[in-house]
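Asks: Have a look at the structure that comes next, please.
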Amino acid sequence: MSKIEPQPGIMEIALYVGGKSRIEGVTNVIKLSSNENPFGPSDAVKEAVARSVHELHRYPSTDHADLRAAIAAAHGLDADRIICGVGSDEVLQFLAQAYAGPGDEVIYTEHGFSMYKIMAHSVGATPVEVPEQERVVDVDAILRACTDRTRLVFIANPGNPTSTMIGLSELERLAEGLPPQAILVLDGAYAEFVEGYDGGAKLVEMRDNVVMTRTFSKLYGLGGMRVGWGYGPREIVDVLNRVRQPFNLSTVALAAAEAAVRDTAYAEHCRAENARLRVWLAEALGEHGVPCDTSMANFVLARFGSQEEAEACDAYLQTQGILVRRVAGYGLPSALRITVGDESACRRVAHCVGLFKAGAR
């Protein structure tokens with residue numbers, strides 16, 4: 001028997017399964033399973049990527065200074081308190097790596113992003129799942145779950161796959177009520193889709209126990225580039241930079257992200273189109289007897305009468321060349337998560353759900 005064993009917690013990790021992107025035998029698939037921007041990146045981003053190929057033989061920046069300055073300018077933040085990562089996932093991983101380990105607890109909510117549990121296991125910490133209330137984060141339940149072993153509390157706001165969110169007053173109450181050794185992590189992957197929401201930036205600046213993260217994978221259409229960032233107290237960001245690989249972001253990714261965050265007109269166009277089509281899609285599904293919670297993101301959570309009905313609808317949609325996301329693994333077996341696509345995709349998926357509800361199989 002080999003005596004080579006992984007660190008505690010590693011074998012407890014269930015492999016992450018992303019949204020499907022192919023249907024065997026079907027071309028021109030409508031992919032609404034991964035919450036991608038249907039419009040893709042802006043022309044300014046494409047031009048920046050094209051220019052960057054002339055620098056592929058050079059190592060990228062280690063401090064991401066230009067990107068951090070662009071992010072700071074766009075959001076009114078302190079560039080020195082920004083850290084960049086390979087998607088916001090990597091920034092979340094930095095937090096787990098730096099602040100949690102064996103004997104510690106990491107709190108997340110029952111329908112929260114599945115990577116939170118994986119990150120806890122990856123560092124040997126104990127993941128603690130806290131119930132939500134009708135698919136909405138329950139601050140009181142989180143505070144009741146806190147102990148002297150709690151080191152991190154992960155909150156997706158808006159949530160994935162629920163699409164719901166809690167307001168600033170509840171976030172303030174949560175941050176205030178945490179034990180002194182714990183950090184509140186606000187995962188804002190979908191924050192840009194909420195009009196007037198800063199993702200928790202003001203709360204970060206008010207307190208020393210809050211970190212927020214954001215991504216370029218959603219609104220900015222850069223899922224394939226893998227760029228994200230975090231904003232937190234200087235002391236915490238300094239710690240995270242000590243575990244960050246110096247060349248974690250490529251030259252191309254840095255150029256694309258900087259161009260994306262500077263192209264505010266395109267970002268606003270994508271935000272406005274998503275808001276319009278999100279309302280339309282939810283209303284259309286509701287007319288077919290499939291309710292959705294009010295979405296604050298770029299997807300809706302379509303709720304069916306049972307797990308069997310949700311799975312049957314998903315199977316039918318695949319026969320029509322449409323991919324959505326089953327979310328039984330998130331504790332929502334009777335629901336399907338449907339990305340807000342472009343107008344033709346939204347009309348197509350709503351029409352097909354209507355056909356299914358009318359008896360098509």
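The values are calculated or read from the model by the stated rules, or taken from the named source; none is laboratory data. As the structure is a prediction and not an experimental result, all values here were calculated from the model. Note that each Cβ is placed from the backbone with ideal geometry, even for glycine, and that neighbours are counted across all protein chains shown. Please note that ligands, DNA and RNA were not included when accessible areas were found on the heavy atoms of the full protein model with its side chains. Shrake-Rupley method; radii C 1.70, N 1.55, O 1.52, S 1.80 Å.
Here is a yes/no grid of residues against (1) closer than 20 Å to HIS269 by Cβ; (2) in contact with a strand residue (DSSP E or B) (Cβ under 6 Å, 6 or more places away or on another chain); (3) at pLDDT below 95; (4) part of a helix (DSSP H, G or I):
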| site | (1), (2), (3), (4) |
| --- | --- |
| ILE166 | no, no, no, no |
| LEU171 | no, no, no, yes |
| GLU192 | yes, no, no, yes |
| GLY196 | yes, no, yes, no |
| ASP208 | no, no, no, no |
| THR213 | no, yes, no, no |
| LEU222 | yes, no, no, no |
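Asks: Condition check: touching a residue at least 40 places away in the same chain (Cβ under 8 Å), in a helix (DSSP H, G or I) and among the aromatic types (Phe, Trp, Tyr). Does TYR266 satisfy that?
Replies: Numbers: touching a residue at least 40 places away in the same chain (Cβ under 8 Å): yes; in a helix (DSSP H, G or I): yes; among the aromatic types (Phe, Trp, Tyr): yes.
Here the answer is yes, as TYR266 does meet what is asked.
Yes/no per residue for (1) part of a helix (DSSP H, G or I); (2) at negative phi; (3) open to solvent by 10 Å² or more (accessible area, probe 1.4 Å):
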{"position": "ALA253", "(1), (2), (3)": "yes, yes, no"}
{"position": "CYS270", "(1), (2), (3)": "yes, yes, no"}
{"position": "GLU273", "(1), (2), (3)": "yes, yes, yes"}
{"position": "GLU283", "(1), (2), (3)": "yes, yes, yes"}
{"position": "ALA302", "(1), (2), (3)": "no, yes, no"}
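Asks: Residues ARG278, ARG326, ARG262, ARG242: which one is open to solvent by 20 Å² or more (accessible area, probe 1.4 Å), among the basic types (Lys, Arg), touching a helix residue (DSSP H, G or I) at 6+ places or on another chain (Cβ under 7 Å) and under 30 Å from CYS84 (Cα atoms)? If you could, list the steps in order and put the result at the bottom.
Replies: Working: ARG278 fails: touching a helix residue (DSSP H, G or I) at 6+ places or on another chain (Cβ under 7 Å); ARG326 fails: under 30 Å from CYS84 (Cα atoms); ARG242 fails: touching a helix residue (DSSP H, G or I) at 6+ places or on another chain (Cβ under 7 Å).
Of ARG278, ARG326, ARG262, ARG242, the one residue that is open to solvent by 20 Å² or more (accessible area, probe 1.4 Å), among the basic types (Lys, Arg), touching a helix residue (DSSP H, G or I) at 6+ places or on another chain (Cβ under 7 Å) and under 30 Å from CYS84 (Cα atoms) is ARG262.
Asks: Going residue by residue through the range 207-219, is there one that turns out to be open to solvent by less than 30 Å² (accessible area, probe 1.4 Å) and more than 15 Å from VAL91 (Cβ to Cβ)?
Replies: The answer is yes, given that some residue of the range 207-219 is open to solvent by less than 30 Å² (accessible area, probe 1.4 Å) and more than 15 Å from VAL91 (Cβ to Cβ).
Asks: Here's a follow-up. State whether one or more residues within the range 187-203 are out of contact with any helix residue (DSSP H, G or I) (no Cβ under 9 Å at 6 or more places or on another chain) and open to solvent by 20 Å² or more (accessible area, probe 1.4 Å).
Replies: Looking through the range 187-203, at least one residue is out of contact with any helix residue (DSSP H, G or I) (no Cβ under 9 Å at 6 or more places or on another chain) and open to solvent by 20 Å² or more (accessible area, probe 1.4 Å).
Asks: What are the residues in the range 147-156 that are touching an Asp or Glu at 6+ places or on another chain (Cβ under 7 Å) and either in a loop (DSSP other than H, G, I, E, B) or not hydroxyl-bearing (Ser, Thr, Tyr) (or both), if any?
Replies: Within the range 147-156, the subset touching an Asp or Glu at 6+ places or on another chain (Cβ under 7 Å) is 147, 149-151, 154-156.
The answer is THR147, ARG149, ARG151, PHE154, ILE155, ALA156.
Asks: Sticking with this one: Need the failing condition index for ASN157 against (1) free of Cβ contacts under 8 Å to residues at least 40 places away in the same chain; (2) touching a strand residue (DSSP E or B) at 6+ places or on another chain (Cβ under 8 Å), just the number.
Replies: It fails just one condition, (1).
Asks: Is it true that some residue in the range 23-38 is within 26 Å of LYS117 (Cβ to Cβ) and exposed (fewer than 11 other Cβ atoms within 10 Å of the Cβ)?
Replies: We begin by selecting, within the range 23-38, every residue within 26 Å of LYS117 (Cβ to Cβ); these are 31-36.
In the following step, the residues that additionally are exposed (fewer than 11 other Cβ atoms within 10 Å of the Cβ) were identified as none.
No, the conditions are met nowhere in the range 23-38.
Asks: Examine the range 107-118 for a residue that is open to solvent by 30 Å² or more (accessible area, probe 1.4 Å) and either more than 18 Å from the chain's Cα centre (by Cα) or among the hydroxyl-bearing types (Ser, Thr, Tyr) (or both), and state whether such a residue exists.
Replies: yes
Asks: I would also like to ask the following. Out of the residues in the range 177-186 that are of a type outside the set (Gly, Ala, Ser) and either part of a loop (DSSP other than H, G, I, E, B) or over 14 Å from the mean Cα position of the chain (by Cα) (or both), state the one that is surrounded by the fewest Cβ atoms within 10 Å (Cβ to Cβ). Walk me through it before giving the result.
Replies: Going residue by residue through the range 177-186, those that are of a type outside the set (Gly, Ala, Ser) are 178-181, 183-186.
With the extra rule that they be either part of a loop (DSSP other than H, G, I, E, B) or over 14 Å from the mean Cα position of the chain (by Cα) (or both), the set shrinks to 178-181, 183-184.
Details: LEU178: 20, PRO179: 14, PRO180: 6, GLN181: 13, ILE183: 22, LEU184: 24.
So the residue we want is PRO180.
Asks: Please enumerate the residues belonging to the range 159-176 that are open to solvent by 40 Å² or more (accessible area, probe 1.4 Å) and either within 16 Å of the chain's Cα centre (by Cα) or within 22 Å of ILE83 (Cβ to Cβ) (or both).
Replies: Across the range 159-176, the qualifying residue is only MET165.
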